[in-house]
Amino acid sequence: MAILEKQITLTGIDLLDFTGFNDEKLNLIKDHFDGNIVLRGDTLNIKADSNEYENIEKVVNELVFLQKRQGSIKTDDVKLVLELIDSNGENLDNFNNRFNVNSQDIKNIILYKKTDFIKPRTQTQIEYANAVRDNDITFAIGPAGTGKTYLAVAFAVAALKNKQVNKIIITRPAVEAGESLGFLPGDLSEKIDPYLRPLFDSLEDMIPADKLKTYIDRNIIEIVPLAYMRGRTLNSAFIILDEAQNATTTQMKMFLTRIGASSKAVITGDDTQIDLPKRDQSGLVQIQLILKGIQDIAFVYFKKSDVVRHKLVKEIIDAYEKFNEKSEK
């Protein structure tokens with residue numbers, strides 16, 4: 001049987017907890033298999049036949065999942081997973097079922113929360129996750145309720161948690177206020193809160209309240225109107241532009257040219273829900289013509305079949321589409 005030499009990266013986990021004192025937990029894994037397993041930095045270098053490598057990968061994935069779900073793993077957890085693994089992986093699958101998770105879930109998980117995890121739920125969402133991982137700039141375009149913004153925030157929080165970026169910046173055009181925030185009552189926070197509240201809601205679902213407040217106070221996480229992005233250069237940041245259909249062509253260019261070294265950007269929007277005076281003013285419509293085919297820039301298009309909100313949302317979207325078609329005729 002062919003011998004494989006592969007690597008498993010353990011980025012974003014507690015390596016000391018994973019390996020144990022004096023490598024006690026890691027040695028349990030090494031002793032269980034015939035193949036060679038060496039940890040260098042945050043990378044497991046594995047040399048084993050294909051069947052054994054598959055089982056080693058399953059064990060590592062399960063333990064990573066348990067650590068992120070529980071906060072830590074015990075020696076008994078390692079022993080249990082090793083006992084359950086067999087050539088067919090059937091017993092390990094039963095173990096997975098106790099946690100309502102399977103090996104495909106583990107591969108697709110974007111972010112672990114305290115008692116749950118976030119993963120793609122439709123094929124387009126899987127394409128979205130792959131696009132964000134493989135590209136520096138990703139456009140997610142489609143109807144409301146398809147998870148574009150929620151997953152974008154999850155990608156950003158995961159990147160911050162895994163130390164891939166130093167900060168998160170989330171912005172959206174306050175088009176309902178005409179960007180003329182000075183005419184609204186209250187301080188800046190009170191003026192912009194109604195337009196940015198959906199983004200806070202997503203963050204609050206993924207980060208404990210006290211930690212989120214600390215991040216915001218230290219400007220590790222910024223949520224600002226698009227108009228306040230001008231003149232900045234954003235290095236080592238995960239940047240999200242939400243409701244991008246309401247960014248003008250000038251604003252879209254301004255936003256994209258803010259992106260600095262070691263940064264990622266996700267731009268989300270629905271080009272059928274433009275609130276600007278004229279459709280041709282939308283930067284999201286124009287940019288699809290300008291940037292198509294450029295390396296490291298991806299476009300992912302969602303459909304109403306990707307809606308993951310209440311089942312009636314799909315029917316509502318469909319009803320509006322039919323109504324608009326009749327109106328145009």
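The values are calculated or read from the model by the stated rules, or taken from the named source; none is laboratory data. It should be emphasised that the depicted structure is a prediction, and the values quoted were computed from it without experimental measurement. Counting neighbours? That spans all protein chains shown, and the Cβs are built from the backbone with ideal geometry, glycine included. Note: accessible area is taken over every heavy atom of the protein model, side chains too, but ligands, DNA and RNA are not part of it. Shrake-Rupley method; radii C 1.70, N 1.55, O 1.52, S 1.80 Å.
Cβ-Cβ contacts under 6 Å between residues 6 or more apart (or on different chains), taken from a first residue in the stretch 133-159 that is in contact (Cβ under 8 Å) with a residue 24 or more places away in the chain and farther than 20 Å from N246 by Cβ to a second residue that is outside any helix (DSSP H, G or I) and open to solvent by 20 Å² or more (accessible area, probe 1.4 Å), are listed as N135/D296; D136/K264; D136/D296; A154/I110; A158/I110. Every residue in the stretch 36-54 that is closer than 18 Å to I85 by Cβ, of a type in the set (G, A, S) and modelled with pLDDT of 85 or more, please. Hit for the stretch 36-54 is A48, nothing else. Filtering the stretch 231-247 to residues that are open to solvent by 40 Å² or more (accessible area, probe 1.4 Å) and touching a Leu at 6+ places or on another chain (Cβ under 8 Å) leaves nothing.
Looking only at residues in the stretch 260-275 that are surrounded by fewer than 18 Cβ atoms within 10 Å (Cβ to Cβ), in contact with a strand residue (DSSP E or B) (Cβ under 9 Å, 6 or more places away or on another chain) and touching a residue at least 40 places away in the same chain (Cβ under 8 Å), which one is nearest to I220 (Cα to Cα)? Let's see the steps before the verdict.
Start the filter on the stretch 260-275 by keeping residues that are surrounded by fewer than 18 Cβ atoms within 10 Å (Cβ to Cβ), which leaves 260-262, 271-273, 275.
Those still in the list that are in contact with a strand residue (DSSP E or B) (Cβ under 9 Å, 6 or more places away or on another chain) too: 260, 262, 271.
Going one step further and asking which of them are touching a residue at least 40 places away in the same chain (Cβ under 8 Å), we end up with 262, 271.
Values: S262: 16, D271: 30 Å.
If we take residues in the stretch 260-275 being surrounded by fewer than 18 Cβ atoms within 10 Å (Cβ to Cβ), in contact with a strand residue (DSSP E or B) (Cβ under 9 Å, 6 or more places away or on another chain) and touching a residue at least 40 places away in the same chain (Cβ under 8 Å), then S262 is nearest to I220 (Cα to Cα).
Quick check, is G293 without any contact (Cβ under 8 Å) to a residue 40 or more places away in the chain and crowded, with 21+ Cβ neighbours inside 10 Å? For G293, the condition - without any contact (Cβ under 8 Å) to a residue 40 or more places away in the chain and crowded, with 21+ Cβ neighbours inside 10 Å - is not met.
Checked against the criterion of being open to solvent by less than 60 Å² (accessible area, probe 1.4 Å), outside any helix (DSSP H, G or I) and touching a residue at least 12 places away in the same chain (Cβ under 8 Å), the stretch 18-33 has at least one qualifying residue.
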